[in-house]
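Okay, so here's the structure we're looking at.
The values are calculated or read from the model by the stated rules, or taken from the named source; none is laboratory data. Being a predicted model, the structure only gives us computed values, none of them experimental. Please note: Cβ atoms are built from the backbone with ideal geometry, for glycine as well, and neighbour counts cover all protein chains shown. All accessible areas refer to the heavy atoms of the entire protein, side chains included, with ligands and DNA or RNA removed. Shrake-Rupley method; radii C 1.70, N 1.55, O 1.52, S 1.80 Å.
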Amino acid sequence: MGILLNEESRILVQGITGREGSFHARAGMAYGTNVVAGVTPGRGGQLFEEQVPVFDSVAQAVAETAANVSLIFVPPPFAPDAIAEAADAGVPLIACITEGVPVQDMARIVRYIDHKPVRLIGPNCPGMINPGARCKVGIMPGDIHLPGRVGVVSRSGTLTYEAVAQLTHRGIGQSSCVGIGGDPIIGTSFVDILRLYEADPDTDLIVFIGEIGGTMEQEAAACIKAEISKPVCTLIVGATAPPGKRMGHAGAIITGDSARAEAKIAAMRDAGAHIIPTPADIGATAEAVLGEMG
Amino acid sequence: MKLHEYQAKEIFACYGIPVPRGSVAATAGEARQAAADLGGQAVVKAQVHAGGRGKAGGIKVVRSPEEAEQTAREFLGQNLVTHQTDARGVPVNSVLVEELADIRRELYVALTIDRGFRGPVLLVSAAGGMDIEEVAATNPQDIHTEPIEPVLGLMPYQTRRLAARLNLEPAQARPAIQVLNALYRIFTENDCSLVEINPLIITGDDRVVALDAKLDLEDDSLFRHADLGELRDRSQEDALEAEAADQDIAYVNLEGSVGCLVNGAGLAMATLDVTNAAGAAPANFLDVGGGADEEKVASAVSIILSDPKVNRVLVNIFGGILRCDIAARGIVLAFERQGATLPLIVRMLGTNVVEGKEILQASSLNVTFADTLTEAAAAIRQAGG
């Protein structure tokens with residue numbers, strides 16, 4: 001089963017005629033994803049790859065194709081509009097890949113979404129994938145994934161792929177993988193995803209990859225302690241980053257002691273998570289914990 | 001992007017926040033004139049993108065135009081080292097010459113984004129003029145936090161509450177509340193990530209004046225503030241970091257000797273950790289980005305190679321949007337262009353990895369391949385020995 005995506009997911013791509021949007025829509029379709037519609041204002045009536053209808057608006061696309069997931073690739077100045085349009089059209093799950101969306105725009109958007117039955121993943125994220133359902137909503141390379149029973153969650157893109165590659169290399173498959181995004185204000189937190197994995201009967205173990213900056217990992221640790229019965233393997237990256245320097249992600253900057261890796265690792269250890277010692281040990285740690293579970 | 005104090009104060013003045021009279025000077029002669037215009041007595045403040053200037057000797061009270069000239073001569077062209085800079089410090093290319101203030105009370109006021117609240121928060125404290133991080137650590141109850149709903153904006157009941165917390169007398173509360181409202185407008189209308197006044201003073205005659213000003217703009221919003229983008233002062237940035245920023249490469253200069261080329265910020269941080277775990281120290285953080293082409297990869301490698309600390313280079317590429325063959329071509333191009341012979345450790349995975357490795361193998365570069373992060377760590381150790 002996995003989380004967020006399944007065989008019934010019908011994907012709509014906002015920005016499908018752009019460079020990134022078209023590339024990843026094609027890659028998703030090649031993986032097996034059911035891409036049912038595209039939206040580019042002014043391009044309504046076209047066919048993408050001779051099979052996917054393109055619409056002028058999300059509302060039209062949803063009315064005609066019953067799309068229930070939106071994947072957004074529009075440039076930063078237009079991304080808040082695209083998210084709000086998808087939410088307004090009643091799309092229940094939205095993944096915004098766009099990097100560089102202004103933070104104060106996101107502050108308003110997340111509040112708008114709070115009042116709607118909508119889940120937003122991102123922005124500035126790789127998206128999500130359910131290998132068992134052959135459904136890929138994002139920019140991750142599909143072929144590194146293996147269907148299985150480990151749930152992966154991370155703030156990052158390529159580091160998530162690294163985790164998946166280490167798992168797959170050891171024959172450990174994934175129920176789902178989600179990258180929640182590297183920005184200071186995002187739609188879905190670690191805690192939200194942990195709860196979904198806890199409730200998913202097809203996830204046995206959670207691989208959690210956090211990083212320096214903010215306190216989201218501490219909130220996740222509190223959630224693990226109080227609510228999560230499944231074992232969690234945790235890696236926190238950025239232990240060697242200097243304070244005050246932004247490490248690529250707008251969210252990854254040490255602005256106080258709680259933003260440091262040591263504080264986050266301590267919180268995770270206290271919550272009973274299995275600490276992954278270095279980024280090279282993700283697969284080995286998961287394998288060892290799965291071994292103990294029998 | 002950071003602004004200088006004098007630039008931030010110009011913006012403050014536009015929004016009606018009182019600032020001391022004064023002017024910016026790029027030469028000692030201009031500083032002398034500026035002090036003379038103020039009647040001789042003045043404070044001379046080094047303009048650098050770093051806090052802690054007072055303790056570092058970058059702020060001096062002068063009693064005459066001659067003394068102002070002398071002080072400016074001492075400051076200008078020198079590097080100022082504060083607890084927020086590295087050992088080299090940052091160059092002082094201008095000074096702000098201002099009138100002396102009649103300080104009765106010193107307050108602290110700031111606006112920033114709180115991630116937990118997912119929006120802006122206003123911070124105030126009666127403990128102004130001090131290192132606020134120290135106050136936060138030792139007396140957190142002295143800092144009052146007011147979250148602001150972005151849809152409502154800063155509401156009057158909130159500013160009244162803050163004025164009460166600061167024990168302001170009625171005559172002081174009115175101008176102080178005007179400053180808070182102006183500060184919120186500055187924060188939202190200019191897409192700031194931080195606006196800070198430390199100290200915001202109350203004068204003997206109950207005026208409220210911003211004695212200092214700090215303003216950081218959010219980089220991701222500069223596309224809609226072209227005028228503010230022009231205020232960038234590259235001289236205050238690390239030369240390699242500034243060059244990387246121009247090419248849209250996320251790069252942070254660090255202390256070690258292992259140059260790192262990575263795609264993705266998370267994987268780049270992980271690569272630093274792996275390098276450290278191997279007993280070596282990274283020379284930099286570098287995320288070349290997803291959509292990089294051959295030329296951009298070459299630029300990134302050139303930045304690494306132009307860093308004199310670097311004695312070996314670690315490449316960690318997970319090919320996705322960025323294909324391994326493109327990355328390999330960029331790496332070879334940069335090494336050959338600069339005639340570099342440093343040991344190169346390459347860990348590549350993902351799209352077109354076979355082609356990527358072939359390109360590197362066929363080149364004249366001194367390459368060691370690693371299939372996993374564990375092997376990469378071993379190779380770093382070996383190349384360093």
Completion exercise
Whole-Hz Karplus couplings 3J(HN,Hα) for the stretch A:25-39, θ = phi - 60° and coefficients 6.51, -1.76, 1.60, Gly and Pro as x, run 5, 5, 5, x, 5, 4, 6, x, 5, 7, 7, 9, 7, x, 10
Completion exercise
Taking Lys and Arg as +1 and Asp and Glu as -1, residues besides A:Ala280 with C-beta under 12 Å from its C-beta add up to -4
Exercise for the section: Leaving ligands, DNA and RNA out of it, report the carbon-plus-sulfur percent of the accessible area of the stretch A:167-294 at a 1.4 Å probe. Expected result: 53 percent
Problem - the stretch B:141-265, relative contact order in percent, only Cα pairs under 8 angstrom and at least six apart counted - result: 14 percent
Exercise for the section: Pop out the ³J(HN,Hα) list for the stretch A:51-65 in order, Karplus 6.51 cos²θ - 1.76 cosθ + 1.60 with θ = phi - 60°, rounded to Hz; leave Gly and Pro as x. Expected result: 9, 9, x, 9, 10, 7, 9, 5, 4, 4, 4, 5, 4, 7, 10
Exercise for the section: State, as an integer percentage, the relative contact order of chain B based on alpha-carbon contacts under 8 Å between residues 6 or more apart. Expected result: 12 percent
Completion exercise
Taking the chain alone as reference and the full protein assembly as comparison, with a 1.4 Å probe on protein heavy atoms only, the residues of the stretch B:113-151 that lose at least 50 Å² of accessible area are B:Ile113, B:Arg115, B:Arg118, B:Pro150
Handout entry: Separation of alpha-carbon centers, the stretch A:266-290 and the stretch A:81-122, rounded to whole Å
Key = 32 Å
Completion exercise
Expressed in angstrom, Rg and Dmax over the Cα atoms of chain B are 25.2, 78
Handout entry: the stretch B:49-196 - percent of accessible surface contributed by carbon and sulfur, probe 1.4 Å
Key = 51 percent
Exercise for the section: Enter the Cα centre distance for the pair the stretch B:143-215 and the stretch A:168-220, rounded to the nearest angstrom. Expected result: 39 Å
Fill in the blank from the handout: Within the set A:Glu198, A:Glu50, A:Glu217, GNM on chain A using Cα springs under 10 Å gives the largest fluctuation to A:Glu50
Exercise for the section: Run down the lysines and flag those whose C-alpha is under 28 Å from the C-alpha of B:Lys55, throwing out any fewer than 8 positions away in its chain. Expected result: A:Lys245, B:Lys2, B:Lys9, B:Lys45, B:Lys214
Practice task
Report Rg/Rh for the stretch A:42-92, rounded to two decimals, where Rg is the Cα radius of gyration and Rh the Kirkwood radius.
Solution key: 0.96
Exercise for the section: Take peptide A:178-186, look around each residue's Cβ out to 10 angstrom, count Cβ atoms belonging to other protein chains, and average those counts. Expected result: 2
Practice task
Relative to the compact-globule scaling 2.2 N^0.38 Å, provide the ratio for the alpha-carbon radius of gyration of the protein assembly as shown.
Solution key: 1.01
Fill in the blank from the handout: Counting only protein heavy atoms and rolling a 1.4 Å probe, one gets per residue an accessible area for the stretch B:238-383 in Å² of 35 Å²
Completion exercise
Buried accessible surface, B vs A, both sides, probe 1.4 Å, in Å² to 100, equals 3700 Å²
Completion exercise
GNM on chain A, Cα springs under 10 Å; top mean-square fluctuation among A:Leu205, A:Leu93, A:Leu47 goes to A:Leu47
Handout entry: Against the rule of thumb 2.2 N^0.38 Å, how large the Cα Rg of chain A comes out
Key = 0.97
Practice task
Please work out the average accessible area per residue across chain A, using the 1.4 Å probe convention, and give it in Å².
Solution key: 35 Å²
Exercise for the section: Send over a whole-number figure in Å² for the accessible area per residue of the stretch B:8-87, probe 1.4 Å. Expected result: 48 Å²
Completion exercise
Restricting to Cα pairs under 8 Å and 6 or more apart, the percent relative contact order of the stretch B:197-272 works out to 13 percent
Handout entry: the stretch B:129-214: translational diffusion in µm²/s, Stokes-Einstein, Kirkwood Rh over Cα pairs, 10 °C, 1.306 mPa s
Key = 113 µm²/s
Problem - Residue among A:Ser229, A:Ser57, A:Ser175 with the largest mean-square fluctuation in a Gaussian network model of chain A, springs linking Cα atoms under 10 Å - result: A:Ser229
Fill in the blank from the handout: Rounded to the nearest whole number, the Stokes-Einstein translational diffusion coefficient of the stretch B:238-383 at 4 °C and 1.567 mPa s (Kirkwood radius, C-alpha pairs) in µm²/s is 89 µm²/s
Handout entry: the stretch A:141-293 shape via C-alpha gyration tensor axes, a/c threshold 1.5
Key = prolate
Completion exercise
Shielding of A:101-111 by other chains, given as the mean Cβ count within 10 Å, works out to 6
Problem - Placed amide H near A:Gly138: partners under 5 Å, 5+ positions off or other chain - result: A:Met128
